[in-house]
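Structure provided below as C-alpha coordinates; questions to follow.
The values are calculated or read from the model by the stated rules, or taken from the named source; none is laboratory data. Note that the structure is predicted; figures quoted are calculated from it, not measured. Please note: Cβ atoms are built from the backbone with ideal geometry, for glycine as well, and neighbour counts cover all protein chains shown. Keep in mind that these areas ignore ligands, DNA and RNA; they rest on the heavy atoms of the full protein, side chains included. Shrake-Rupley method; radii C 1.70, N 1.55, O 1.52, S 1.80 Å.
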Amino acid sequence: MKLFFVLVFVLTIPVIRAQVPHWGPCPEPSVQPNFNLKQFMGRWFEIAKLPAQFEKGRCIETNFTMRTDNSIRVVSSEILKGEVRKIEGTGVIEDIKNPAKLGISYSYVLPYSPYWILSTDYVNSALVYSCTDVLRLFHVDFAWIMGRKRSLPESTIDRAREIFANNNIDVTRMISSRQQGCDKTL
Ligand SMILES: *[C@@H]1O[C@H](CO)[C@@H](O)[C@H](O)[C@H]1NC(C)=O
(Lines give C-alpha, C1' and ligand atoms only; values in the text may rest on other atoms or scores of the structure.)
Protein backbone atom coordinates (compact mmCIF):
# COMPACT_ATOMS: atom_id res chain seq x y z
CA MET A 1 0.00 0.00 0.00
CA LYS A 2 2.81 2.37 0.88
CA LEU A 3 4.50 1.65 -2.42
CA PHE A 4 1.22 2.37 -4.19
CA PHE A 5 1.02 5.86 -2.73
CA VAL A 6 4.66 6.55 -3.49
CA LEU A 7 3.99 5.51 -7.07
CA VAL A 8 0.89 7.68 -7.38
CA PHE A 9 2.89 10.58 -6.01
CA VAL A 10 5.82 10.09 -8.37
CA LEU A 11 3.55 9.67 -11.38
CA THR A 12 1.65 12.83 -10.67
CA ILE A 13 4.41 15.28 -9.75
CA PRO A 14 4.73 16.59 -13.29
CA VAL A 15 1.02 17.31 -13.61
CA ILE A 16 0.14 18.54 -10.14
CA ARG A 17 2.28 21.58 -9.34
CA ALA A 18 0.05 24.26 -7.85
CA GLN A 19 -3.42 22.95 -8.49
CA VAL A 20 -5.72 20.91 -6.31
CA PRO A 21 -6.63 17.54 -7.83
CA HIS A 22 -10.29 16.60 -7.99
CA TRP A 23 -11.56 13.17 -7.04
CA GLY A 24 -12.87 10.86 -9.74
CA PRO A 25 -12.10 10.57 -13.43
CA CYS A 26 -12.03 13.50 -15.88
CA PRO A 27 -15.36 15.00 -16.90
CA GLU A 28 -16.38 14.37 -20.49
CA PRO A 29 -17.28 17.78 -21.84
CA SER A 30 -18.78 18.29 -25.26
CA VAL A 31 -16.44 19.96 -27.73
CA GLN A 32 -16.88 22.40 -30.61
CA PRO A 33 -18.94 20.68 -33.34
CA ASN A 34 -17.50 20.77 -36.89
CA PHE A 35 -14.26 22.18 -35.55
CA ASN A 36 -12.36 24.03 -38.25
CA LEU A 37 -8.66 23.86 -37.47
CA LYS A 38 -7.63 26.37 -40.18
CA GLN A 39 -9.93 29.03 -38.75
CA PHE A 40 -8.56 28.40 -35.29
CA MET A 41 -4.98 29.11 -36.37
CA GLY A 42 -3.29 32.37 -35.51
CA ARG A 43 -2.85 34.46 -32.42
CA TRP A 44 -4.79 33.92 -29.20
CA PHE A 45 -4.38 35.82 -25.94
CA GLU A 46 -4.94 34.19 -22.56
CA ILE A 47 -7.82 36.00 -20.86
CA ALA A 48 -8.39 33.75 -17.85
CA LYS A 49 -7.18 30.43 -16.62
CA LEU A 50 -7.55 27.60 -14.18
CA PRO A 51 -5.82 26.84 -11.89
CA ALA A 52 -4.93 29.95 -9.98
CA GLN A 53 -1.18 29.94 -9.80
CA PHE A 54 1.33 32.19 -8.20
CA GLU A 55 1.94 35.28 -10.27
CA LYS A 56 4.09 34.07 -13.11
CA GLY A 57 4.39 35.51 -16.56
CA ARG A 58 2.00 38.08 -17.94
CA CYS A 59 0.91 38.94 -21.49
CA ILE A 60 0.59 35.24 -22.26
CA GLU A 61 -0.33 34.47 -25.85
CA THR A 62 -0.11 31.54 -28.22
CA ASN A 63 0.37 31.58 -31.97
CA PHE A 64 -0.84 28.50 -33.84
CA THR A 65 0.33 27.88 -37.41
CA MET A 66 0.10 24.87 -39.71
CA ARG A 67 3.33 23.14 -40.59
CA THR A 68 3.77 21.56 -44.01
CA ASP A 69 3.41 18.07 -42.48
CA ASN A 70 -0.04 19.09 -41.15
CA SER A 71 1.10 19.22 -37.55
CA ILE A 72 0.51 22.47 -35.71
CA ARG A 73 3.31 24.75 -34.65
CA VAL A 74 2.44 26.14 -31.23
CA VAL A 75 4.45 29.10 -29.99
CA SER A 76 3.55 30.40 -26.56
CA SER A 77 5.06 33.51 -25.12
CA GLU A 78 4.93 35.48 -21.92
CA ILE A 79 6.70 38.36 -20.26
CA LEU A 80 8.51 37.29 -17.13
CA LYS A 81 10.73 39.66 -15.17
CA GLY A 82 10.73 42.10 -18.08
CA GLU A 83 11.84 39.53 -20.64
CA VAL A 84 9.84 37.88 -23.40
CA ARG A 85 10.07 34.11 -23.08
CA LYS A 86 8.91 31.76 -25.80
CA ILE A 87 8.40 28.05 -25.96
CA GLU A 88 7.57 26.08 -29.05
CA GLY A 89 5.48 22.94 -29.11
CA THR A 90 3.65 20.70 -31.51
CA GLY A 91 -0.07 20.14 -31.76
CA VAL A 92 -1.88 17.29 -33.50
CA ILE A 93 -5.42 16.12 -34.07
CA GLU A 94 -5.23 12.77 -32.36
CA ASP A 95 -8.45 11.34 -33.74
CA ILE A 96 -9.74 12.69 -37.04
CA LYS A 97 -13.32 11.89 -35.95
CA ASN A 98 -12.83 14.33 -33.07
CA PRO A 99 -10.96 17.25 -34.64
CA ALA A 100 -11.62 19.59 -31.70
CA LYS A 101 -9.66 17.28 -29.44
CA LEU A 102 -6.09 18.34 -30.02
CA GLY A 103 -3.01 17.12 -28.26
CA ILE A 104 -0.09 19.43 -27.55
CA SER A 105 3.42 18.58 -26.47
CA TYR A 106 6.17 21.05 -25.64
CA SER A 107 8.94 18.48 -25.83
CA TYR A 108 9.51 15.38 -27.90
CA VAL A 109 10.17 13.43 -24.71
CA LEU A 110 6.73 14.26 -23.33
CA PRO A 111 3.47 12.67 -24.44
CA TYR A 112 0.75 14.83 -25.96
CA SER A 113 -1.47 16.48 -23.37
CA PRO A 114 -5.13 16.90 -24.18
CA TYR A 115 -6.03 20.31 -25.54
CA TRP A 116 -9.72 20.28 -26.22
CA ILE A 117 -11.53 23.17 -27.87
CA LEU A 118 -14.87 23.12 -26.06
CA SER A 119 -16.24 26.09 -27.92
CA THR A 120 -15.04 28.81 -30.26
CA ASP A 121 -16.38 31.30 -32.78
CA TYR A 122 -12.81 31.59 -34.21
CA VAL A 123 -12.94 35.40 -34.32
CA ASN A 124 -13.52 36.44 -30.70
CA SER A 125 -13.08 33.76 -28.09
CA ALA A 126 -12.19 30.15 -27.46
CA LEU A 127 -12.65 27.83 -24.48
CA VAL A 128 -9.95 25.25 -23.99
CA TYR A 129 -9.85 22.36 -21.55
CA SER A 130 -7.16 19.86 -20.63
CA CYS A 131 -7.67 17.06 -18.16
CA THR A 132 -5.50 14.13 -17.12
CA ASP A 133 -6.79 11.11 -15.25
CA VAL A 134 -4.59 9.62 -12.60
CA LEU A 135 -5.54 5.95 -12.28
CA ARG A 136 -9.17 7.08 -12.55
CA LEU A 137 -8.89 7.94 -8.86
CA PHE A 138 -8.55 11.65 -9.40
CA HIS A 139 -7.84 14.09 -12.16
CA VAL A 140 -5.95 17.32 -12.65
CA ASP A 141 -7.23 19.85 -15.10
CA PHE A 142 -6.49 23.13 -16.79
CA ALA A 143 -8.94 25.46 -18.48
CA TRP A 144 -8.41 28.62 -20.45
CA ILE A 145 -10.56 31.37 -21.87
CA MET A 146 -8.76 32.83 -24.85
CA GLY A 147 -9.43 35.88 -26.94
CA ARG A 148 -8.35 37.26 -30.29
CA LYS A 149 -7.82 40.55 -28.44
CA ARG A 150 -6.20 41.15 -25.06
CA SER A 151 -9.56 41.56 -23.38
CA LEU A 152 -13.07 40.18 -23.75
CA PRO A 153 -16.41 41.67 -22.73
CA GLU A 154 -17.51 40.62 -19.23
CA SER A 155 -20.60 38.99 -20.76
CA THR A 156 -18.42 36.72 -22.93
CA ILE A 157 -16.38 35.69 -19.89
CA ASP A 158 -19.53 34.98 -17.86
CA ARG A 159 -20.93 32.89 -20.70
CA ALA A 160 -17.63 30.99 -20.96
CA ARG A 161 -17.66 30.18 -17.24
CA GLU A 162 -21.23 28.97 -17.61
CA ILE A 163 -20.22 26.61 -20.44
CA PHE A 164 -17.42 25.14 -18.34
CA ALA A 165 -19.74 24.72 -15.36
CA ASN A 166 -22.44 23.08 -17.50
CA ASN A 167 -19.80 20.52 -18.48
CA ASN A 168 -19.02 19.72 -14.82
CA ILE A 169 -15.79 21.68 -14.87
CA ASP A 170 -15.22 23.60 -11.67
CA VAL A 171 -14.02 27.07 -12.62
CA THR A 172 -14.60 28.79 -9.28
CA ARG A 173 -10.80 29.15 -8.95
CA MET A 174 -10.35 30.60 -12.42
CA ILE A 175 -8.31 33.82 -12.44
CA SER A 176 -7.91 36.60 -14.97
CA SER A 177 -4.62 36.74 -16.82
CA ARG A 178 -2.68 39.99 -16.86
CA GLN A 179 -2.75 41.53 -20.31
CA GLN A 180 -1.93 45.12 -19.39
CA GLY A 181 1.06 47.10 -20.61
CA CYS A 182 2.02 44.36 -23.05
CA ASP A 183 2.32 46.12 -26.38
CA LYS A 184 4.79 48.66 -25.01
CA THR A 185 7.24 45.96 -24.01
CA LEU A 186 6.89 43.79 -27.10
C1 LIG B 1 2.77 33.53 -35.88
O2 LIG B 1 3.60 32.60 -36.53
C3 LIG B 1 3.74 32.84 -37.92
C4 LIG B 1 4.56 31.69 -38.52
O5 LIG B 1 5.79 31.54 -37.88
C6 LIG B 1 4.39 34.18 -38.15
O7 LIG B 1 4.48 34.44 -39.54
C8 LIG B 1 3.54 35.25 -37.47
O9 LIG B 1 4.18 36.50 -37.58
C10 LIG B 1 3.35 34.92 -36.01
N11 LIG B 1 2.46 35.91 -35.41
C12 LIG B 1 2.70 36.46 -34.24
C13 LIG B 1 1.70 37.45 -33.75
O14 LIG B 1 3.67 36.18 -33.55
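Taking the conditions exactly as written (open to solvent by 40 Å² or more (accessible area, probe 1.4 Å) and in contact with a strand residue (DSSP E or B) (Cβ under 9 Å, 6 or more places away or on another chain)), does E61 satisfy them or not? Please lay out each step first, then the result.
Details: open to solvent by 40 Å² or more (accessible area, probe 1.4 Å): no; in contact with a strand residue (DSSP E or B) (Cβ under 9 Å, 6 or more places away or on another chain): yes.
No: the conditions fail for E61.
Considering only segment 107-148, how many residues are in contact with a Phe, Trp or Tyr (Cβ under 8 Å, 6 or more places away or on another chain), surrounded by 13 or more Cβ atoms within 10 Å (Cβ to Cβ) and not in a strand (DSSP E or B)?
Residues that pass the stated criteria total 2.
Would you check which residues across segment 149-160 are assigned to a loop (DSSP other than H, G, I, E, B) and open to solvent by 60 Å² or more (accessible area, probe 1.4 Å) and list them? Full working, then the answer.
First pass over segment 149-160, keeping only residues assigned to a loop (DSSP other than H, G, I, E, B): 149-153.
Those that are assigned to a loop (DSSP other than H, G, I, E, B) and open to solvent by 60 Å² or more (accessible area, probe 1.4 Å): K149, S151, P153.
Show the residue pairs that are 6+ apart or on different chains and have beta-carbon atoms under 7 Å apart, the first residue being within segment 33-44 and modelled with pLDDT of 95 or more, the second being more than 10 Å from the ligand (Cβ to nearest atom) and among the polar types (S, T, N, Q).
F40/T120
Working only within segment 74-99, note down all residues that are assigned to a strand (DSSP E or B) and crowded, with 17+ Cβ neighbours inside 10 Å. Walk me through how you get there before you give the answer.
Filtering segment 74-99 for residues assigned to a strand (DSSP E or B) gives 74-80, 83-93.
The answer is V74, S76, S77, E78, I79, G89, T90, G91, I93.
So which residues in segment 40-50 are touching a Phe, Trp or Tyr at 6+ places or on another chain (Cβ under 9 Å), within 15 Å of the ligand (Cβ to nearest atom) and of a type outside the set (D, E, K, R), if there are any at all? Break it down into steps so the answer makes sense when it comes.
Taking segment 40-50 as the starting set, the residues that turn out to be touching a Phe, Trp or Tyr at 6+ places or on another chain (Cβ under 9 Å) are 40-44, 46-50.
Then keep just the ones that are within 15 Å of the ligand (Cβ to nearest atom); that gives 40-44, 46.
Result: F40, M41, G42, W44.
If you don't mind, there's one more thing I want to ask. Residues of segment 58-98 being more than 16 Å from the ligand (Cβ to nearest atom) and on the phi < 0 side of the Ramachandran plot, which ones?
If the condition is that a residue be more than 16 Å from the ligand (Cβ to nearest atom) and on the phi < 0 side of the Ramachandran plot, then R58, L80, E83, V92, I93, E94, D95, I96, K97, N98 are the ones that fit.
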